[in-house]
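To start, the structure under review is shown below, and the notes come after it.
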Amino acid sequence: KEEKAPISVIFTSGCVAGAAYWGGAYPMDVVKSAMQTDHSDPKLRKYRGYMDAFRSIHAESGLRGFYRGFTPGMMRALPS
């Protein structure tokens with residue numbers, strides 16, 4: 001007879017999986033958001049492309065810049 005995992009194990013597994021995913025994906029999401037909020041006029045844009053935005057964020061804030069807002073994002077993601 002197959003036993004089902006307790007709900008606490010399922011919940012914890014989901015939390016760990018979500019944290020692992022967002023730990024790796026969050027920096028790319030920060031760069032995407034920076035590009036989305038950049039000026040719509042090409043002459044006034046801060047970033048020329050994805051790599052330019054990546055380099056600029058890193059130059060301005062270092063590695064920490066890629067995780068700005070990470071804690072509230074994790075608080076939102078863990079229960080789901």
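The values are calculated or read from the model by the stated rules, or taken from the named source; none is laboratory data. Note that this is a predicted model, so its numbers are computed, not measured. Every residue, glycine as well, gets a Cβ built from its backbone with ideal geometry; the counts of neighbours run over all protein chains shown. For accessibility, only protein heavy atoms count, side chains too; no ligands or nucleic acids. Shrake-Rupley method; radii C 1.70, N 1.55, O 1.52, S 1.80 Å.
Qualifying trypsin sites (Lys or Arg not before Pro) in region 1-33, where qualification requires a DSSP coil assignment and no more than 13 other C-beta atoms within 10 Å, comprise 1, 4.
Across the chain, C-alpha contacts under 8 Å between residues 6 or more apart give a mean separation that, scaled by the residue count, equals a relative contact order of 41 percent. What the Cβ-Cβ distance of residue 11 and residue 58 gives, at R0 = 30 Å and to the nearest 0.05, is a FRET efficiency of 0.30. Across the chain, the volume of the C-alpha convex hull divided among the residues equals 114 Å³ per residue. State the percentage of accessible surface on region 12-80 attributable to carbon and sulfur atoms; use a 1.4 Å probe and exclude ligands, DNA and RNA. Percent of accessible area from carbon and sulfur atoms in region 12-80: 61. Each residue of region 57-74 was assigned a 3J(HN,Hα) from its phi angle through the Karplus expression (A = 6.51, B = -1.76, C = 1.60, θ = phi - 60°), giving 4, 5, 5, 6, 10, x, 4, 4, x, 7, 10, 5, x, 5, 4, x, x, 5 Hz with x at Gly and Pro. Candidates 7, 70, 53 compared by Cα position along the dipole of the chain: farthest toward the positive end lies 53, with charges placed on Cβ.
With the helix formula -39500 (n - 2.57) applied to DSSP H stretches of n ≥ 4, the chain reaches a computed 222 nm mean residue ellipticity of -21000 deg cm²/dmol.
Along region 45-55 the Karplus relation, 6.51 cos²θ - 1.76 cosθ + 1.60 evaluated at θ = phi - 60°, assigns HN-Hα couplings of 5, 7, 10, 8, x, 4, 5, 5, 5, 4, 5 Hz to successive residues, with x for each Gly and Pro. Taking label positions 7 Å along the Cα-Cβ direction at both residue 41 and residue 2, the computed distance is 6.1 nm, reported to one decimal.
Could you give the distance between the Cα centres of region 1-34 and region 37-69, to the whole Å? Between the Cα centres of region 1-34 and region 37-69 lies a distance of 27 Å.
Excluding same-chain neighbours fewer than eight residues apart, the aspartates and glutamates reachable from residue 46 by a Cα-Cα span under 20 Å are 29, 38, 60.
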